[in-house]
Amino acid sequence: MNRRLRVWHRWMGLFVALLALELATTGIMLNHTDDLHLGRQAVQSRALLSLYGIRLPEQIPAFPVGSHWVSQWGQQIFIDHKAVPNPPDGRLLGAAAVQGLIALAWPDRVWLLTDTGQLAMSWDASTDLSRPVAAIAGDGERIWLRTPAGVMQSDAGLVGWQAAAGESPGWAVAVSLPASLKEAIEPQYLGLSLSWERVMLDLHSGRLFGSAGVWVVDVAGLLFGLLAISGMWVWWLGWRARRRHGRR
C-alpha cells in the first residue's frame with residue numbers, strides 16, 4: 001500500500017508540477033501587466049486569433065475621400081491604415097470630404113473627423129439631425145444627407161442643418177479597397193481584437209482551450225490538494241515506520 005501510494009504520489013506530482021509551472025508563469029506576467037504592457041500589445045498570431053474565432057470580415061466597404069480612404073472592418077473604422085477610436089455600432093453609409101475634414105454617416109448619426117481620426121463634431125438624436133440617414137455626400141464646403149425629411153445640407157459653419165438648395169453632389173458609394181492598403185490594415189485589424197493580457201488571463205484560467213481547459217485547471221486544483229494530503233500521509237507512514245524501527 002505504501003509503495004503504491006508513493007507511485008501515485010510521484011505521477012500526480014509530475015502532472016501538477018507542469019501545470020504549476022504554467023500557472024506560476026502566467027500569474028507572474030499578469031501581476032506585471034502594466035510593466036509588460038500586455039493590455040496594449042496586440043496578438044498577431046493567426047493561430048491564436050483563430051482560437052478566438054477572430055477572422056477577417058467578408059465585406060469591407062471602402063470610400064475614397066480626397067487623398068484618403070475610409071473603410072469599415074466589422075465595427076472598426078479606418079482612415080487609411082489608422083484606426084478611428086471608439087466608432088459607433090452600425091453600418092457605415094459613406095464618407096465625404098468637407099472643409100479639410102472627413103464626414104462619416106451612419107443611419108443614426110454623423111461624425112466629422114480630422115484626417116488622423118480625431119472627432120471634431122458629431123450629430124445624433126440629441127441634435128436637429130433628421131434620421132435615419134440614408135446617404136451622405138459632400139461638395140467640399142457642406143455636408144449633404146438624404147433623409148426621410150428630404151435632402152438636407154449643413155450650413156456654412158457646419159453647425160446646423162437646413163433643407164438643401166440646388167442639386168446634391170454624387171452620393172458616396174462603397175468601392176473595393178486598394179489591395180496594398182488592405183494588406184497593410186489586415187494585421188492591425190486582427191490585432192485590435194485581442195490583447196496579450198486577455199490571452200494570459202485565459203491561459204491562466206484554462207479558458208483558452210474552452211470548457212475542457214477550465215476542467216483541467218479545476219482538476220489541477222484538486223490534485224494540488226490530494227498531493228498535499230498524500231504527501232503528508234507518506235511522511236506520516238515513514239515517520240511511524242522509523243519510530244517503530246527505532247524502538248526495536
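The values are calculated or read from the model by the stated rules, or taken from the named source; none is laboratory data. Keep in mind that what you see is a predicted model, and the values were worked out from it rather than measured. Heads up, the Cβs are rebuilt from the backbone with ideal geometry, glycines too, and the neighbour counts pull from every protein chain shown.
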Q) Can you find even one residue in the range 156-173 that is within 25 Å of residue 82 (Cα to Cα), acidic (Asp, Glu) and either in contact (Cβ under 8 Å) with a residue 12 or more places away in the chain or in the same structural domain as residue 67 (by TED's automatic domain parsing) (or both)? A) no
Q: Mind telling me which of the residues 172, 125 ends up being in contact with a Gly (Cβ under 6 Å, 6 or more places away or on another chain), within 24 Å of residue 76 (Cα to Cα) and in a loop (DSSP other than H, G, I, E, B)?
A: 172
Q: Six or more apart or on different chains, Cβ under 6 Å: which pairs go from a residue in the range 103-122 that's touching a residue at least 40 places away in the same chain (Cβ under 8 Å) to one that's aromatic (Phe, Trp, Tyr) and crowded, with 16+ Cβ neighbours inside 10 Å? Could you list them?
A: none
Q.
Which condition from (1) of a type in the set (D, E, K, R); (2) in contact (Cβ under 8 Å) with a residue 40 or more places away in the chain; (3) surrounded by 14 or more Cβ atoms within 10 Å (Cβ to Cβ) is the one that residue 141 breaks?
A. (3)
Q: Return the total of residues in the range 130-146 being small (Gly, Ala, Ser) and under 14 Å from residue 166 (Cα atoms).
A: 2
**Q.** Among residues of the range 106-138, those that are among the aliphatic types (A, V, I, L, M), crowded, with 16+ Cβ neighbours inside 10 Å and farther than 19 Å from residue 67 by Cα, counted
**A.** 4
**Q.** residue 136 vs. criteria of a type in the set (A, V, I, L, M, F, W, C), assigned to a strand (DSSP E or B) and within 32 Å of the chain's Cα centre (by Cα)
**A.** yes
